[in-house]
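Q: First the structure, which I've put down as structure tokens, then a few questions once you've had a look.
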Amino acid sequence: MTLPELTARVSQQFIKIYGRHPRWMAAAPGRVNVIGEHTDYNDGFVLPMAIERYAVMAADKSADDRNVIQVRDTADGVEPAMIDLSAPVEPGMPKWGNYPRGVIAGFQARGIKPGGLDVLLHSTVPLGGGLSSSAALEVATATLLEAVTGKTIDPVEKALLCQRAEHEFAGVPCGIMDQFISVMGRENHLLLLDCRSRQTELVPMNDPSVALLIVNTNVKHELGSGEYAKRRAQCETAAKILGVASLRDAEPEALESARSKIDEVVYRRARHVIGEIERTLYAAEGIRASNWLTVGNLMYASHDSLRDDYEVSCKELDAVVEIAEAIGVKGGVFGCRMTGGGFGGCAVALVRTGDVKVISEKIAADYKRQTGIEATFFVSRPAAGATILKG
Ligand code: GLA
């Protein structure tokens, strides 16, 4: 569904639920990371793109003038979040409401007061699929509040406000990639983001002969955020031993010469990060030159490193990547890797556009045979970042 179609549908649903037209609407996309995984919180580089899957929010002033933001979800059986603005906003129940709560608290902290609202949320970003459904929800909330209050926040500040919501209200010590790309995505471009300086560079990705195929393994292992926090801590330990501010500053040779002083697991974590930062820069060059073979090989190398050194893959993601690799360039696959935090979710494959259907069918059949699970597939062009749709 295109964004205009989605907008029309959410507007209709708002009318059905609240009995009047929405006055404001906003959308923010999910993302797929092409390469640069677990590098953002190490001050490294990432290369994501926004996808044509969105969290859309529609709103009007609350019907009864209460100082409460009521957020309903279009999905059946989801408990609405009632956010009372008469006191400082704090984490609460239902849990999913903590994403909008955290963003609203960020606005309050800046002295911006949206007032009571009736809000409807509809998201087409698969939940728990490693495609940043939570960042899309945070950024959609922030964009909606910008529309409501008429106060625009600088894009970098806005991404950081949303990241803070995730840290403080959802308890996930994430990096800055997801919120940045959801705010700053550009149609037909990947975003090369330097997570240290926060400088961004748009990398054109508009060769119609290739496509990014997203494969959802439809598994999510509950190792999730605990393991994420552990990886972050291990990276910090490695940086400390190497005497650098972050692994961004560590040279591969320095890591090798310090190997005997470093715990074996911590050593492998650092090896992943240092290698991945380098691969990301090479991949950006490869994309600029339409050198798809090189980019594909870097994606495979990234996956191997995430599987063996960083240990954030799982057997389902490995199965997808192995099947894709077996199809190979002859069959139209240049490269494939897990994307996002890991432990389930999605893989991303760089493929020849004309072969998307055959490749998807082959992966679906072999994956089902190996795991008993149905994978789901979609292709997305690089999409634009968050927008105000109405108001
Ligand atoms: C999650 C986090 C990001 C990033 C990725 C791994 O998506 O939210 O900040 O660390 O994992 O690259």
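Q: Show me the helices (runs of 4 or more DSSP H) found entirely inside the range 124-213 where at least 2 residues are within 14 Å of the ligand (Cβ to nearest atom) and over 28 Å from TRP96 (Cβ atoms).
A: Values: elements: 133-149, 155-169, 177-184.
So the answer is none; nothing clears 2.
Q: Return the residues of the range 1-45 that are farther than 21 Å from THR149 by Cβ and assigned to a loop (DSSP other than H, G, I, E, B); say none if nothing qualifies. Walk me through it before giving the result.
A: Here is the first cut: in the range 1-45, the residues farther than 21 Å from THR149 by Cβ are 1-6, 8-9, 12-13, 15-17, 19, 29-45.
Across the range 1-45, the qualifying residues are MET1, THR2, GLY19, GLY36, GLU37, HIS38, THR39, ASP43, GLY44.
Q: Shifting gears a bit: Among the residues of the range 299-319, how many are more than 24 Å from GLY226 (Cβ to Cβ) and crowded, with 22+ Cβ neighbours inside 10 Å?
A: 1
Q: Residues in the range 214-235 that are in contact with a Leu (Cβ under 9 Å, 6 or more places away or on another chain) and not in a strand (DSSP E or B): how many?
A: Matching residues across the range 214-235 total 1.
Q: List pairs: first residue in the range 180-197 and hydroxyl-bearing (Ser, Thr, Tyr), second residue modelled with pLDDT of 95 or more and not in a strand (DSSP E or B) anywhere in the structure, Cβ distance under 7 angstrom, at least six positions apart or on different chains.
A: SER182/SER132; SER182/ALA135; SER182/ALA136; SER182/VAL139; SER182/GLY385; SER182/ALA386
Q: Quick one: would you say VAL320 is more than 19 Å from PHE45 (Cβ to Cβ), of a type in the set (Val, Ile, Thr) and under 20 Å from the mean Cα position of the chain (by Cα)? Can you show your working first?
A: Numbers: more than 19 Å from PHE45 (Cβ to Cβ): yes; of a type in the set (Val, Ile, Thr): yes; under 20 Å from the mean Cα position of the chain (by Cα): yes.
Yes: the conditions hold for VAL320.
For every residue, the table says whether it meets (1) without any contact (Cβ under 8 Å) to a residue 40 or more places away in the chain; (2) closer than 23 Å to HIS303 by Cα.
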site	(1), (2)
GLU236	yes, yes
LYS240	yes, no
ARG248	no, yes
ALA258	yes, no
VAL265	yes, yes
TYR282	yes, yes
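Q: Continuing with the same structure: What's the total number of residues in the range 335-356 that are away from the ligand (no atom under 16 Å from the Cβ) and surrounded by 23 or more Cβ atoms within 10 Å (Cβ to Cβ)? Before you say what the answer is, go through the steps one by one.
A: Step one: of the range 335-356, the residues away from the ligand (no atom under 16 Å from the Cβ) are 335-336, 349-356.
Still in the list and also surrounded by 23 or more Cβ atoms within 10 Å (Cβ to Cβ): 335-336, 349-351.
Counting residues in the range 335-356 that are away from the ligand (no atom under 16 Å from the Cβ) and surrounded by 23 or more Cβ atoms within 10 Å (Cβ to Cβ) gives 5.
Q: Filter the range 34-73 down to residues that are surrounded by fewer than 24 Cβ atoms within 10 Å (Cβ to Cβ) and within 16 Å of the ligand (Cβ to nearest atom), then give me how many there are. Write out each step before concluding.
A: Step one: of the range 34-73, the residues surrounded by fewer than 24 Cβ atoms within 10 Å (Cβ to Cβ) are 40-41, 43, 52, 60-68, 70, 72-73.
Those left that are additionally within 16 Å of the ligand (Cβ to nearest atom): 40-41, 43.
Number satisfying all stated conditions: 3.
Q: Please determine whether any residue of the range 264-286 is surrounded by 15 or more Cβ atoms within 10 Å (Cβ to Cβ), outside any helix (DSSP H, G or I) and not charged (D, E, K, R).
A: No, there is no match, as no residue in the range 264-286 is surrounded by 15 or more Cβ atoms within 10 Å (Cβ to Cβ), outside any helix (DSSP H, G or I) and not charged (D, E, K, R).
The values are calculated or read from the model by the stated rules, or taken from the named source; none is laboratory data. In this text, all values refer to a predicted model and were calculated from it rather than measured experimentally. Virtual Cβ from ideal backbone geometry, glycine too; neighbours counted across all protein chains shown.
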